[in-house]
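> First the structure, which I've put down as structure tokens, then a few questions once you've had a look.
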Amino acid sequence: MAGLSMDGSNPDVSLLYDINGIAADAPGWADRLVEYVGEYGILLGLVLVALWCWWRGRTRGSAEDSVASAAAIVWAPLAAGIALLVNIPIRSFVERPRPFLEHKGLEVLVAGKTDFSFVSDHATLAMAVAIGVFMANRRWGLLSIALACAEGFCRVYMGVHYPTDVVGGFALGTAVTLLLAPLALMLLTPAVGALSRWGATRFLVRSRSARERDAERRTAAPAGQARAAVEARQDGSGYNGLAA
């Protein structure tokens, strides 16, 4: 495969051959594993991470934190869907053929890909969801971004995308998620907040144990304020008495 990597002076093509060359040298079971992971596995993993963040967000922090986290999780798949829609005219405008149609010697792990290559839908979808998860939870968001990067690697490994197809997908998914986030969250946050206050759906945003803690804090706060007021009056009376 070293000779194939010298195909022209285009670094995009050279990197394509270098990464795809791993597939040619790998055992068959490894190629089948990457094929499954690159087509379905990582996207399923991102969905599971997003669901876990939603589940954990119901129990952590304040009620406002849970609402903000849930709104960001809801935004993640919506942003991914919008990014895929934006990609439709981009693909039609660029009209870049799949790499295996233009370059010989590639190990193609998924047959039947006849649509245009730029930009990668899988990379766009994965990064859009990952950025949405990152907005909800930084730690799990970093894991999601790592999964999205692995998705991009798999697409090149499988011989169905150029590296720049993947980079373009990452950029598109990130841009759509972040640029539209202020407007989206401005609309989603009140809607999620309303769900958190309605008896039939409030468990979707805030767990029962967390609501009980919130109630305890609200009950304890007036009592604490009352004690502080009494102590302040006592301190004032003692001072006045000494002054007299």
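> Do we have any residue at all in the stretch 190-201 that's on the phi < 0 side of the Ramachandran plot, within 17 Å of the chain's Cα centre (by Cα) and assigned by TED's automatic domain parsing to the domain that holds residue 118?
Scanning the stretch 190-201, I find no residue that is on the phi < 0 side of the Ramachandran plot, within 17 Å of the chain's Cα centre (by Cα) and assigned by TED's automatic domain parsing to the domain that holds residue 118, so the answer is no.
> Would you mind telling me which numbered condition in (1) under 30 Å from residue 10 (Cβ atoms); (2) in a helix (DSSP H, G or I); (3) not basic (Lys, Arg) residue 109 fails?
Just one mismatch for residue 109, condition (2).
> I've got another one for you. Would you call residue 81 free of Cβ contacts under 8 Å to residues at least 40 places away in the same chain and either β-branched (Val, Ile, Thr) or not in a helix (DSSP H, G or I) (or both)?
Working: free of Cβ contacts under 8 Å to residues at least 40 places away in the same chain: yes; either β-branched (Val, Ile, Thr) or not in a helix (DSSP H, G or I) (or both): no.
Answer is no for this residue.
> Kindly establish whether residue 97 is closer than 25 Å to residue 113 by Cβ and assigned to a loop (DSSP other than H, G, I, E, B).
yes
> Same structure again: Name the pairs: first residue in the stretch 12-23 and modelled with pLDDT of 90 or more, second residue of a type in the set (Phe, Trp, Tyr) and surrounded by fewer than 16 Cβ atoms within 10 Å (Cβ to Cβ), Cβ to Cβ under 9 Å, at least 6 apart or on different chains?
Nothing qualifies.
> Separate question: Within the stretch 65-72, can one find any residue that is modelled with pLDDT under 90, closer than 24 Å to residue 202 by Cα, among the polar types (S, T, N, Q) and part of a helix (DSSP H, G or I)?
Restricting attention to the stretch 65-72, the residues satisfying the condition of being modelled with pLDDT under 90 are 65-66.
Pick out the ones that are also closer than 24 Å to residue 202 by Cα and you get 65-66.
Then drop every residue that is not among the polar types (S, T, N, Q), which leaves 66.
Among the residues that remain, those that are also part of a helix (DSSP H, G or I) are: 66.
Yes; the residues of the stretch 65-72 include at least one that is modelled with pLDDT under 90, closer than 24 Å to residue 202 by Cα, among the polar types (S, T, N, Q) and part of a helix (DSSP H, G or I).
> OK, next. Could you please find all residues in the stretch 122-146 being in contact with an Asp or Glu (Cβ under 9 Å, 6 or more places away or on another chain) and of a type outside the set (Gly, Ala, Ser)?
Once the filter is applied, which keeps residues that are in contact with an Asp or Glu (Cβ under 9 Å, 6 or more places away or on another chain) and of a type outside the set (Gly, Ala, Ser), the stretch 122-146 yields 122, 125, 127.
> Report, ordered by the first and then the second residue, all pairs with beta carbons closer than 8 Å, sequence separation of six or more or different chains, a first member in the stretch 42-57 that is farther than 16 Å from residue 206 by Cβ and assigned by TED's automatic domain parsing to the domain that holds residue 124, and a second member that is hydroxyl-bearing (Ser, Thr, Tyr) and part of a helix (DSSP H, G or I).
Here the result reads 46/144; 49/144; 50/144, each pair linking the stretch 42-57 to a residue that is hydroxyl-bearing (Ser, Thr, Tyr) and part of a helix (DSSP H, G or I).
> Show the residue pairs that are 6+ apart or on different chains and have beta-carbon atoms under 9 Å apart, the first residue being within the stretch 60-74 and on the phi < 0 side of the Ramachandran plot, the second being of a type in the set (Phe, Trp, Tyr) and at pLDDT 85 or above.
Listed pairs, sorted by first residue: 69/54; 70/54; 72/134; 73/54; 74/54.
> Then there is this: Evaluate the stretch 84-95: report whether one residue or more is crowded, with 24+ Cβ neighbours inside 10 Å, under 23 Å from residue 47 (Cα atoms) and of a type in the set (Val, Ile, Thr).
no
> Does residue 124 count as in the same structural domain as residue 192 (by TED's automatic domain parsing) and assigned to a loop (DSSP other than H, G, I, E, B)?
Details: in the same structural domain as residue 192 (by TED's automatic domain parsing): yes; assigned to a loop (DSSP other than H, G, I, E, B): no.
The answer is no for residue 124.
> Looking only at residues in the stretch 157-209 that are in a helix (DSSP H, G or I) and of a type in the set (Lys, Arg), which one is surrounded by the most Cβ atoms within 10 Å (Cβ to Cβ)?
202
> Pairs, please: C-beta under 7 Å, at least 6 apart or cross-chain, first residue hydroxyl-bearing (Ser, Thr, Tyr) and in the stretch 130-146, second at pLDDT 95 or above?
Qualifying pairs under 7 Å: 144/46; 144/49; 144/129; 144/130; 144/133; 144/134.
> For the stretch 103-126, how many residues are surrounded by 13 or more Cβ atoms within 10 Å (Cβ to Cβ) and either without any contact (Cβ under 8 Å) to a residue 60 or more places away in the chain or in contact with a Leu (Cβ under 9 Å, 6 or more places away or on another chain) (or both)?
Final tally of qualifying residues: 16.
The values are calculated or read from the model by the stated rules, or taken from the named source; none is laboratory data. Small disclaimer: the values here were computed from a predicted structure and weren't measured. Neighbour counts are summed over all protein chains in view; Cβ atoms, including those assigned to glycine, are modelled from backbone coordinates with ideal geometry.
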